[in-house]
Amino acid sequence: MKNFLDLADFSREEVLDLIALARRLETHPEPQALARKILGLVFFNPSLRTLSSFQVAMMKLGGSSFVITPGQGTWQLETKLGAVMNGAAAEHVREGLPVLASYCDALGIRAFAEGKDLHYDLAETNFRAMASVVDKPLINLESAINHPCQSLADWKTMEEIGVPQRAKFVLSWVTHPRVTPIAVPSATVHMAAHRGMEVVVLRPEGFALPPEIMDKARAAAAAAGGSVRETSQRDEALAGAHVIYAKEWGSTTHYGDTAGDAALRANLADWCVRDDWFANTHADCKFMHCLPVRRNVAVADEVLDGSRSIVQREAHNRLPAQMAVLHRLLAR
Amino acid sequence: MKNFLDLADFSREEVLDLIALARRLETHPEPQALARKILGLVFFNPSLRTLSSFQVAMMKLGGSSFVITPGQGTWQLETKLGAVMNGAAAEHVREGLPVLASYCDALGIRAFAEGKDLHYDLAETNFRAMASVVDKPLINLESAINHPCQSLADWKTMEEIGVPQRAKFVLSWVTHPRVTPIAVPSATVHMAAHRGMEVVVLRPEGFALPPEIMDKARAAAAAAGGSVRETSQRDEALAGAHVIYAKEWGSTTHYGDTAGDAALRANLADWCVRDDWFANTHADCKFMHCLPVRRNVAVADEVLDGSRSIVQREAHNRLPAQMAVLHRLLAR
Amino acid sequence: MKNFLDLADFSREEVLDLIALARRLETHPEPQALARKILGLVFFNPSLRTLSSFQVAMMKLGGSSFVITPGQGTWQLETKLGAVMNGAAAEHVREGLPVLASYCDALGIRAFAEGKDLHYDLAETNFRAMASVVDKPLINLESAINHPCQSLADWKTMEEIGVPQRAKFVLSWVTHPRVTPIAVPSATVHMAAHRGMEVVVLRPEGFALPPEIMDKARAAAAAAGGSVRETSQRDEALAGAHVIYAKEWGSTTHYGDTAGDAALRANLADWCVRDDWFANTHADCKFMHCLPVRRNVAVADEVLDGSRSIVQREAHNRLPAQMAVLHRLLAR
């Protein structure tokens, strides 16, 4: 493995191999596997799980890591090619990232979408500009439209608790006080399709995922024997669901238009997952969310504190999943 | 030892055992004692000594640690049960803390008082809410009304320099430009009482420690053969003192009332420890403070730079004291 | 070696020995050389390379490090002697730094110039106040007028690529949107002189380096058989140059006067290094900069992305150079 940028770069079998390696590392620790290896972590955006679990993953494998946070302790970094840098950013990623890469054995980068121009973000313009100047194994810690570490952990979680491959997986939009990125829903719809599930994207009008994202997921579904469709009809979507995966994201019809997005969601406060969402699901339907989650806005306490929720297991699985990725990238 | 939350959870003998272990680790290092062990550190509030000494303690025992700082690098975390999270906090501690605990072998949390409602803070409402969702050994890195790591280091310091068990220990209020928490004075009055000292709390009117705090200290004193009283008469309090322990704290009669507190302290600028405070103390009287301290506001340069000050030794003792705590919590 | 504060504390031979050690550590790793050693790093100012490369240097030598950032995660620290601390700073360096030093085996401190009074900064008043209370090996991570780690890496870089000892080294002022410190130009002019080069400082009127800095460099040049002069004539300065080392710095005639500095540089936008600066240089002329650099303000893309640029090599050399310093300070 050269990089870990997108789960779509790996076949179903390769993903299942990674998950098997993650499980093996849980039961058979390898505390020297990455001895003397160093991981650099660059966070352009805040983090809790990714920030801690990658550091811990290196510790558990005998390696080390360091963290750089542009804007906090380090100045801001410019991403645009050709920029005349007379603004806030004191350094360009074309200098900063190769330097950091030269200090370590692998680099992880988190850089969210700019959220202004949908096509710019769909093209992963900023992340690609950064990846192009890094000559070490690179890990996507969440980019404009992807979060492969989350998807790998989520897939592992579903394997563990026995969610059938062909089960109905409902990715449902939920509300949030602000516009949030489409990275996790984009990664998630693809992950579930790649796993071969019956995927339904449930979202109100104005929040459809971009055709590029849906097409990529449909291609994965076709290869895996599953399906992908979208709807705004909640009852129909949830009927028989084996998994409800909730996620907040911004309007795609009003991308970059904060006021327009706010107007759209003004009447969508009932897009908060409550126990009654499970009335007609499969009896054993599980509740998933990548976290962080705003309680009683996006998801009610009763769901997060209830027995259907497997959000803690998803979050914990970030650790072994990433240990497997690091092992593949760096172990001899 | 399951947790380290309050020095009151340990008998005098257990505290002395911890101090003996701390000394042993100073003279007989155990650089592999916590090999492969990982400590998570969560700082809701700023830190210098705690932040550095816990990381170093793990390094010296062969383990590792990571740091999470809600509000810096990580988003803010909500603590209140039932909160409708449409404000600044992006995640609830009910999600965030169990996740972090699942990545490590022990967790330390610093979370100061809210400083609005005295009874809410006296009940350690926020810290208890957090502790209830952590299933790993938990260390209190300073909570609303406690700072057991500081107290353990202070006790060790007094043992080392030979402050007699029955010596007079004066905990004196000193001034500060702003309202500050009652955690350290509350922990300190108990610690000195628990050690069996003659404890006097010297403070101006309006700054009496809450009855709950004083009663807890009196119970400890009764068990240890010491005493606890309070006064606003400085000359009488300081006469014969073996230790002056200075600390800033906010008004308890005007708790949560910044303007009222400020009015009270407007005329208290002379509550700044100077050399003349030692005129009638024991000849060998020592000066203690937990740091950070505002020079020439709370304590004069002449005292901090003078030979009576043992603040550096207290601060350094944070390291071996915490190494002992970690050893008890995590070594096989 | 007791401390690493100024390259001027070391003879040419001692610097060359350090560089030889750096090379040896590159080709013959010593992953246990600093086992159990702990480095404390205190950053009063932002950093990218220094922050990451010192952590990595300790990892590669088997040691550990911790980072303290006053103002972020830790409160602000006061430096002035005798200060009445009723402002923003909660702790004085006279308390904070000895505490941190007591936790570790060596301490590194970054503390830029105040930028108000030139003589105060030239005297390294703040850094000396801090150094005076640290009783462990101390490393200057960039102070008011020095950056010895950068200079050591730059010297190593010139050795590696075969820049002749007597080559013409042009330190050229370049523009920047704001006032920046004189630490790197001051360190660089001395470093090149100390190496025995023909040093020319090229800068517009109002930006001459202080006589104290130039005299120190001239003394080093005299000892090493080189020379140091200054000019504002770009064509004459660049003719035959073997190295153009670009750096931004603030006006010295208007030190501490932001508006005066801005007025001076209003017409200096052409002090941005472009390919045509190399028209009459030595054919093999290299381009150096310590980074961070503002693209298309201080240096054009065409230069930074061109074959003359060795800025990446300089930046990478921070790592082995600092490994050598740490090895000398801490290895048995």
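Points to keep in mind about this one:
- Considered as a group, the residues in region A:90-134 that are away from chain C (no Cβ under 14 Å), assigned to a loop (DSSP other than H, G, I, E, B) and among the charged types (D, E, K, R) include one that is nearest to A:W75 (Cα to Cα), and that residue is A:E114.
- Single condition B:S309 does not satisfy, out of (1) touching a strand residue (DSSP E or B) at 6+ places or on another chain (Cβ under 7 Å); (2) away from chain C (no Cβ under 14 Å); (3) without any contact (Cβ under 8 Å) to a residue 40 or more places away in the chain: (2)
Listed here are the residues, each with its yes/no results for (1) of a type in the set (S, T, Y); (2) at pLDDT 95 or above; (3) within 20 Å of C:A129 (Cα to Cα).
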position	(1), (2), (3)
C:K2	no, yes, yes
C:S11	yes, yes, no
C:I19	no, yes, no
C:R36	no, yes, no
C:M59	no, yes, no
C:W75	no, yes, yes
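- Residue in region A:283-332 that is farthest from A:T50 (Cα to Cα), counting only those that are of a type in the set (D, E, K, R) and in a helix (DSSP H, G or I): A:E302
- Residue among A:D284, A:D276, A:D305 that alone is closer than 30 Å to B:L97 by Cα, surrounded by fewer than 14 Cβ atoms within 10 Å (Cβ to Cβ) and touching a helix residue (DSSP H, G or I) at 6+ places or on another chain (Cβ under 8 Å): A:D305
- Residue within region A:71-79 that is within 11 Å of another protein chain (Cβ to nearest Cβ), touching an Asp or Glu at 6+ places or on another chain (Cβ under 6 Å) and in contact (Cβ under 8 Å) with a residue 60 or more places away in the chain present: no
- Residue match in region C:135-142 (condition: out of contact with any helix residue (DSSP H, G or I) (no Cβ under 6 Å at 6 or more places or on another chain) and away from every other protein chain (no Cβ under 14 Å)): yes
- Checking C:G87 against (1) of a type outside the set (D, E, K, R); (2) within 14 Å of chain B (Cβ to nearest Cβ); (3) in a helix (DSSP H, G or I), the condition it does not meet: (3)
- Filter pass, C:W173 being of a type in the set (F, W, Y), touching a strand residue (DSSP E or B) at 6+ places or on another chain (Cβ under 7 Å) and either within 22 Å of C:F112 (Cα to Cα) or not in a loop (DSSP other than H, G, I, E, B) (or both): yes
- Qualifying residue in region A:76-86 (condition: of a type in the set (S, T, Y), touching a helix residue (DSSP H, G or I) at 6+ places or on another chain (Cβ under 8 Å) and either in the same structural domain as A:K136 (by TED's automatic domain parsing) or surrounded by fewer than 23 Cβ atoms within 10 Å (Cβ to Cβ) (or both)): yes
- Any hit, region A:222-245, residues being in contact with a Phe, Trp or Tyr (Cβ under 6 Å, 6 or more places away or on another chain), in a loop (DSSP other than H, G, I, E, B) and buried (at least 23 other Cβ atoms within 10 Å of the Cβ): no
- Region B:252-264 residues that are not assigned by TED's automatic domain parsing to the domain that holds B:E205 and of a type in the set (G, A, S), paired with ones that are assigned to a helix (DSSP H, G or I) and buried (at least 18 other Cβ atoms within 10 Å of the Cβ) (beta carbon under 7 Å, 6 or more apart): none
- Residue identified as closer than 19 Å to B:I310 by Cβ, in contact (Cβ under 8 Å) with a residue 24 or more places away in the chain and either over 15 Å from the mean Cα position of the chain (by Cα) or surrounded by fewer than 19 Cβ atoms within 10 Å (Cβ to Cβ) (or both) among B:E114, B:E205, B:E212, B:E159: B:E159
- Here A:R24 does not qualify as assigned to a loop (DSSP other than H, G, I, E, B), more than 17 Å from A:F54 (Cβ to Cβ) and assigned by TED's automatic domain parsing to the domain that holds A:L141.
- Count of region C:6-43 residues which are within 18 Å of C:R195 (Cα to Cα) and among the aliphatic types (A, V, I, L, M): 9
- Exclusive hit being in contact with a Leu (Cβ under 8 Å, 6 or more places away or on another chain) and closer than 29 Å to A:T175 by Cα, set B:S102, B:S65, B:S132: B:S102
- Selection from region A:265-282 of residues that are in contact (Cβ under 8 Å) with a residue 24 or more places away in the chain and assigned to a helix (DSSP H, G or I): A:R265, A:D275, A:W277, A:F278
- The set of residues from region B:187-212 being of a type in the set (D, E, K, R) and assigned to a loop (DSSP other than H, G, I, E, B) comprises B:R195, B:R203, B:E205.
- With respect to the conditions (1) free of Cβ contacts under 8 Å to residues at least 40 places away in the same chain; (2) surrounded by fewer than 18 Cβ atoms within 10 Å (Cβ to Cβ); (3) within 28 Å of A:Q55 (Cα to Cα), B:P46 falls short on a single one, namely (2).
- Unmet requirement for A:A262, which otherwise passes all of (1) within 14 Å of chain B (Cβ to nearest Cβ); (2) out of contact with any strand residue (DSSP E or B) (no Cβ under 9 Å at 6 or more places or on another chain); (3) in a loop (DSSP other than H, G, I, E, B): (3)
- Any hit, region C:45-59, residues being outside any loop (DSSP other than H, G, I, E, B), within 7 Å of another protein chain (Cβ to nearest Cβ) and either on the phi > 0 side of the Ramachandran plot or over 23 Å from the mean Cα position of the chain (by Cα) (or both): no
- Yes/no for A:T175 being of a type in the set (V, I, T), in contact (Cβ under 8 Å) with a residue 60 or more places away in the chain, closer than 21 Å to A:D17 by Cα and touching a helix residue (DSSP H, G or I) at 6+ places or on another chain (Cβ under 9 Å): no
Results for (1) in contact with a Gly (Cβ under 7 Å, 6 or more places away or on another chain); (2) closer than 24 Å to C:V179 by Cβ, shown as yes or no for each residue.
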position: C:L51; (1), (2): yes, yes
position: C:A57; (1), (2): no, no
position: C:V67; (1), (2): no, no
position: C:L81; (1), (2): no, no
position: C:V93; (1), (2): no, no
position: C:S102; (1), (2): no, no
position: C:Y120; (1), (2): no, yes
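The values are calculated or read from the model by the stated rules, or taken from the named source; none is laboratory data. Just so it is clear, the model here is predicted, and its values are computed rather than measured. Virtual Cβ from ideal backbone geometry, glycine too; neighbours counted across all protein chains shown.
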